[in-house]
Amino acid sequence: MEERELMEYQEAISKTLGDTYQRLYELPDPKLPVKYPRTPGYRPPAEENPYNAWYWRCDIKGAPSGKLQGKTVAIKDNTCVAGVPMMNGSRMLDGFVPDIDATVVSRILDAGGHLVGKAVCENLCWDGGSFTAATGPVVNPHNKTRMAGGSSSGSAALVAGGYVDMATGSDQGCSVRVPASLCGIVGLKPTYGLVPFTGIMSLDVTLDHTGPLARTYDIALMLEVIAGYDDGLDPGQPRDLHVPEYTSLLTGKIENLKIGILKEGFGLEISEPDVDKMVKEAAGQLSRKCGAVVEEVSIPMHSDAGHIITAIYHLGSHRMVFEGGGFGSSGKMYYDTTLQEAFLRGLKCHSNDLPSRLIAKYLHDEYNSVFYGKAQNLGRVLCRAYDEALEKCDVLILPTSPIKAPVFPQQNVSLKGYLERAYVNNKNTAAFNVTGIQLFQSTQASVKDCQLE
């Protein structure tokens, strides 16, 4: 550009954008409410943290009555709890303290829940292992040489180990279901938009889900509390969202329920035969002892779901992380600007601490926008394939993780070995983040529209 043209642009930018941003800076930033008193808490020492599953301990009591009265709850550490440090498994947020309560946090407290701490999650929630958090590996309560699964690793370990009654998790590919499976508890990824993601750090708006983990039927009780419309703060939710009383639906009666054994969920390249065998035997028990109708169904496109979600991850997470400070830059949602600022500062100071796949994306962006769009288009085709199968049966059964809880990678493992160990568990779960299925609209839909592990 010529000198004159540069000066004109400088003047235009200074006047138009300068005045606008200055005024925006001066206006108060709307905040989500913080209703209940709390103290900052503390980082627990090793003797109080045998699974390394606690990131932070706190003591926040909710309402004096409600559905969760007497229940202790851990909150996954990608979720804002005002006044309590939040790290999201990454050094980029080390020292950050939110000033808002996420919607699910407020709902748990309003229902009488007792928050007793933040649970460790994997580095920016980007993998299905339990060894990438900046605070160190989370071990499986049943066998400390093996992983708890991720990215809601701490949440699952604390529930399985009996430290809390229930916990929150988030799930963009496997992160509630796999750790629940590997730790032997119940985990539920709700259908897309059923539970608001407001105040939780995102990976991709189209994949984000948050859901409960528990040892028992408390899973239904917690879902009743956290589900529901969030006054337009979550763009994935319709206004007419219907939330049934899930606990009243737990009759145990499944006579004539049609159960489909998903053929493509078994016999994968990485599948362990005893895992496949046990799942099929358990499904057979539902027929022999409970009167359900069990038969095999085939959805060939299930095998391509991993490829579809990988493309969405790469560009979607790039937009969320690098461009939007963990919240992106589009959609009529609630933006936690304090968290955005903290993360973007950390990104400049600790970029070497990004998960390996995000680093790869940062270094190589060519053609990814086209593949993101194609993957989203194929996601609708994938959704129709599951819808067609669910017209013939009520429930699909397949192994959550095709393998048993893996051992931790050795020290100084190669990048190839590191990535294989971190992302091996989502082969059967990722499809259901792409499809989102449809929202709960009736009692019948509540049976088929969630994946319960």
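The values are calculated or read from the model by the stated rules, or taken from the named source; none is laboratory data. Keep in mind that what you see is a predicted model, and the values were worked out from it rather than measured. In this analysis, Cβ positions are derived from the backbone assuming ideal geometry, glycine residues included, and neighbour counts consider all displayed protein chains. Side chains are part of the model used for accessible areas, which takes the heavy atoms of the whole protein and leaves out ligands, DNA and RNA. Shrake-Rupley method; radii C 1.70, N 1.55, O 1.52, S 1.80 Å.
Per residue, region 251-400 exposes 56 Å² of solvent-accessible protein surface, assessed with a 1.4 angstrom probe and all protein chains in place. Helices of the chain meeting both criteria, an alpha-carbon length of 15 angstrom or more along the long axis and an average Kyte-Doolittle score not below 0.0, with helices taken as full DSSP H segments, are 305-318, 337-349. The largest-to-smallest principal axis extents of the Cα set in region 1-55 are 68, 30, 12 Å. What do you get for trypsin sites (Lys or Arg not before Pro) in region 183-278 restricted to DSSP loop and a cutoff of at most 10 other Cβ within 10 Å of the site's Cβ? The qualifying sites are Arg239, Lys253.
Kindly flag which residue pairs out of Lys144/Lys404; Lys189/Lys404; Lys31/Lys76; Lys263/Lys427; Lys118/Lys348 have an alpha-carbon separation exceeding 23 Å in this structure.
Lys118/Lys348
Once P(r) over Cα pairs in 20 Å bins from 0, in percent is worked out from the coordinates, which option in (i) 25, 58, 15, 2, 0; (ii) 24, 55, 21, 1; (iii) 22, 52, 18, 7, 2, 0 does it equal? Comparing each candidate, only (i) matches the computed number. Average accessible surface for region 31-163: 31 Å² per residue, computed with a 1.4 Å probe over protein heavy atoms with every protein chain in place. For the chain, which longest stretch is free of loop sites, where a loop site is one of the chymotrypsin sites (Phe, Trp or Tyr not before Pro) that DSSP puts outside H, G, I, E and B and that has at most 14 other Cβ atoms within 10 Å? Of all site-free stretches, the longest is 1-216. Amide H contacts for Ala119 (H built 1.01 Å from N in the peptide plane; partners 5 or more residues away or on another chain; cut-off under 5 Å): Tyr55, Ile75, Lys76, Asp77.
For the chain, adding -39500 (n - 2.57) for each run of n ≥ 4 DSSP H residues and dividing by the number of residues yields -10500 deg cm²/dmol at 222 nm.
Amide H neighbours of Lys71 under 5 Å, counting only residues 5+ apart in sequence or on other chains, H built in-plane at 1.01 Å? Here His114 satisfy the definition.
To the nearest 0.05, how large is the calculated FRET efficiency for Glu5 and Tyr25 if R₀ is 30 Å and r is the Cβ-Cβ distance? Given R0 = 30 Å and the Cβ-Cβ separation, E is 0.55. Taking 45 Å as R0, compute the FRET efficiency from the Cβ-Cβ separation of Gln410 and Thr39 and round it to 0.05. That gives a FRET efficiency of 0.65.
Applying the Karplus relation 6.51 cos²θ - 1.76 cosθ + 1.60 with θ = phi - 60° to region 163-178 yields 3J(HN,Hα) values of 7, 9, 6, 7, 8, 8, x, 10, 8, 10, x, 5, 6, 9, 6, 5 Hz, where x marks Gly and Pro.
A crude spin-label estimate for the pair Lys15 and His307, with each label 7 Å from Cα along the Cβ direction, gives 5.4 nm.
Taking the protein heavy atoms of the chain in the context of the full set of protein chains, the accessible area attributed to carbon and sulfur is 54 percent at 1.4 Å.
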